[in-house]
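Remarks on the structure that follows.
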Amino acid sequence: MAEQKKKRDGFGSKIGIIAAAAGSAIGLGNIYRFPCELGNNGGAAFLLVYLAVVIFLGIPVMLSELFIGRRSQSNSVGAFKKLAPKTAWPIVGYMGVLCGFLIFAFYSTVSGWTLEYIVKSVANSFQGKDMATLESDFAAFHNMGWRNVIWQGVFILLTGFVVFKGVQNGIEKYAKILMPVLLVILVILGIRAVTLPGAKEGLAFLFKPDFSKINAQVLISALGQGFFSLSLGMGVLITYGSYVKKSDNLTSTAFSVVLADTVIALLAGIVIFPAAFSFGVNPQAGMGLVFNTIPMIFNQMAGGYVFCIIFFVLLAIAALTSTISLLEVVVAYITEELHLNRRWSTVIACVGTMLLGCFVSLSLMENTPFTIGGRTVFDALDFITANVMLPLGGIFIVVFVGWRLGKTHFFEEVTNEGKLKSPLKTVIFFIIRYLAPLAVTVIFISGLLK
Ligand code: TRP
C-alpha cells in the first residue's frame, strides 16, 4: 500500500488537530468577510440563517471530511481514488484543489492588506484621522495597484516558506497561544464598540432580525459564508483528517472547531456594527467596513496605538494559518499524485497563485480592466468559490459519505472502532444522508435561479 512506503506526517496530539483545523477555519473569513456579508444581506436575518447553517450543516460536513481523510490516509484527490477506485468521485477532489488555488489567489490579496496595516499602525498613520480620511486613504491604497500586488506576493512567499519547511506544527503551536490573545483583543474592542455613542442601533442591526429580509440571496450567502468560514467543501479537512491519529475523537474535534470559529465571527460582528453605526459607516460599505472601522475604534481608545499594532499582527497570523491550509491542499495533491518533490510543488503552486493574484489585486483599482461578467476579478473569484464551488463540493462530500461509504464505515470511524460512545452519531448520519444534501441543493438552486 502506498501509505506504507513513506510515513505520513501526523498531528502529535488532539490539540494538534484542533489547533490546525481551527487555525484553518479562523481567519479573514471571520473578521473581514463575515461582517461584509452580514452587512450586505440584511443584518440579523443573515445571522440567524448563518447559525442554522453552521450547526445543522457545518458540523456534519466537517465530520464527513475528517472521516474521509482519516479513513483513506490520503490527500483530497487520493482519498476518493482509494475509497472509490475506478469511479468519477476523484473529480470532487480535483475541484477542491482548483478551488483551494482560486481562494488562495484572492485571500492572499486581503492577507496582504493586513501587512500594509501593520506598517500603517506602527507609523501611527491612523491617529487623529476622521472616518472620511480613513476611507479615502483606503481607496487610495487600492489604487496603488502594485503596492497591493507586492504585499500579496510577500504573503504568498511567507505561506510557501511555512508549507515547504513543513513547520506548520510550529506555527500552530504559536497560534494556539496567540489566537486566545486575538480573542481577548476582540473582547476589549467589543466593549469599547458597544459603549460608543449610537452603538445601540448597530446591536439592533446585528441581533434584531427582520424576517422579511430572508430571501434566496440571503440563504445562499449564509450558506457560502458558513462553508467558507469553516473551511469546508474543498478538502482541507480531508487532507488534515488524514494526519489525525486513530485514537482522536473526530466528533468532538468538529464541535470544538465550529464553536471556536463561530465565537470569533460573532465577536467580530459585535465589534464592527456598533462601531460602524456610531461612526456613520454604511453597513454595506464592503471592503472598507472592517479595515476602516477598526482603526477608528482604536483611535478612540486608551492605549489604542499599541493595541492596533497587536491586532493587525494577530490578524495577519490568523490569515497565515488559513492560507497554509489552502496551499497545503494544493501541495499535498501535487506531491502525492503528480509525484513532484515538496519544494517544486510549493514553488509551482506559489508562482501560479502570484500570477492569478496580480489580476485579483489590480482588479480593485478604479476603472480596472480586470472584470468578469461585470464583477471585479476579486468579487468573481470570491463569489464562484464560496457560493458555488464550496457548496457543490459539500453536497458531493455528504452524498459520498451517506450513500457510497455508508453507515457501517462511518460509525466505525467516529467511534474509533467501538471505543467511543459518540451518542449523536445516528442523528448526524441522518443529516449527512438526507438532510444536508437536500438542504444544500435547495438553497443552491434557489440561489442560482434568483
Ligand atoms: N476559513 C478560512 C477563513 O475563514 C479561509 C479558508 C482557509 C478556507 N481554508 C479554506 C475557506 C478552505 C474555504 C475552504 O478565513
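The values are calculated or read from the model by the stated rules, or taken from the named source; none is laboratory data. Everything quoted here is computed from the prediction, not taken from an experiment. All Cβ positions, glycine included, derive from the backbone under ideal geometry; neighbour counts span all protein chains shown.
General remarks:
Condition check ((1) closer than 22 Å to K82 by Cβ; (2) crowded, with 16+ Cβ neighbours inside 10 Å; (3) in contact with a helix residue (DSSP H, G or I) (Cβ under 7 Å, 6 or more places away or on another chain)) across all residues:
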{"position": "D382", "(1), (2), (3)": "no, yes, yes"}
{"position": "P391", "(1), (2), (3)": "no, yes, yes"}
{"position": "G406", "(1), (2), (3)": "yes, no, no"}
{"position": "K421", "(1), (2), (3)": "no, no, no"}
{"position": "T426", "(1), (2), (3)": "no, no, no"}
{"position": "R433", "(1), (2), (3)": "yes, yes, yes"}
{"position": "A436", "(1), (2), (3)": "no, yes, yes"}
{"position": "V440", "(1), (2), (3)": "no, yes, yes"}
{"position": "L448", "(1), (2), (3)": "no, no, no"}
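- Selected residue (only one of V49, V92 is out of contact with any strand residue (DSSP E or B) (no Cβ under 6 Å at 6 or more places or on another chain), closer than 29 Å to N249 by Cα and within 14 Å of the ligand (Cβ to nearest atom)): V92
- Residue within the stretch 258-275 that is over 18 Å from the mean Cα position of the chain (by Cα), surrounded by fewer than 19 Cβ atoms within 10 Å (Cβ to Cβ) and in contact (Cβ under 8 Å) with a residue 60 or more places away in the chain present: no
- If the condition is being in contact (Cβ under 8 Å) with a residue 24 or more places away in the chain and more than 30 Å from W146 (Cβ to Cβ), then the stretch 337-356 contributes E337, R342.
- All of G235, G226 fail the test of being touching a Phe, Trp or Tyr at 6+ places or on another chain (Cβ under 7 Å), within 16 Å of the ligand (Cβ to nearest atom) and closer than 27 Å to L438 by Cβ, apart from G226.
- Number of residues in the stretch 305-336 that are more than 24 Å from the chain's Cα centre (by Cα) and either assigned to a loop (DSSP other than H, G, I, E, B) or without any contact (Cβ under 8 Å) to a residue 60 or more places away in the chain (or both) equals 1.
- If you check S363, S345 for being touching a strand residue (DSSP E or B) at 6+ places or on another chain (Cβ under 9 Å), over 21 Å from I185 (Cβ atoms) and more than 16 Å from the ligand (Cβ to nearest atom), only one passes: S363.
- Test: residue in the stretch 348-362 that is crowded, with 20+ Cβ neighbours inside 10 Å, under 23 Å from V119 (Cα atoms), among the small types (G, A, S) and touching a helix residue (DSSP H, G or I) at 6+ places or on another chain (Cβ under 9 Å): yes
- Residue within the stretch 95-112 that is more than 14 Å from the ligand (Cβ to nearest atom), β-branched (V, I, T) and touching a helix residue (DSSP H, G or I) at 6+ places or on another chain (Cβ under 8 Å) present: no
- Of the residues making up the stretch 164-214, those that are exposed (fewer than 15 other Cβ atoms within 10 Å of the Cβ) and of a type in the set (S, T, N, Q) are T195, S212.
- Residue check for E116: within 11 Å of the ligand (Cβ to nearest atom), of a type in the set (D, E, K, R), in a helix (DSSP H, G or I) and at pLDDT 95 or above: no
- If only residues of the stretch 342-388 that are under 23 Å from V162 (Cα atoms) and of a type in the set (K, R) are counted, the one that is modelled with the highest pLDDT is R343.
- In the stretch 17-37, of all residues being surrounded by 24 or more Cβ atoms within 10 Å (Cβ to Cβ) and away from the ligand (no atom under 14 Å from the Cβ), the one that is modelled with the highest pLDDT corresponds to A19.
- Complete set of residues in the stretch 87-137 that are surrounded by fewer than 17 Cβ atoms within 10 Å (Cβ to Cβ) and not β-branched (V, I, T): A88, Y94, L98, A123, N124, S125, Q127, G128, K129, D130, A132, S136
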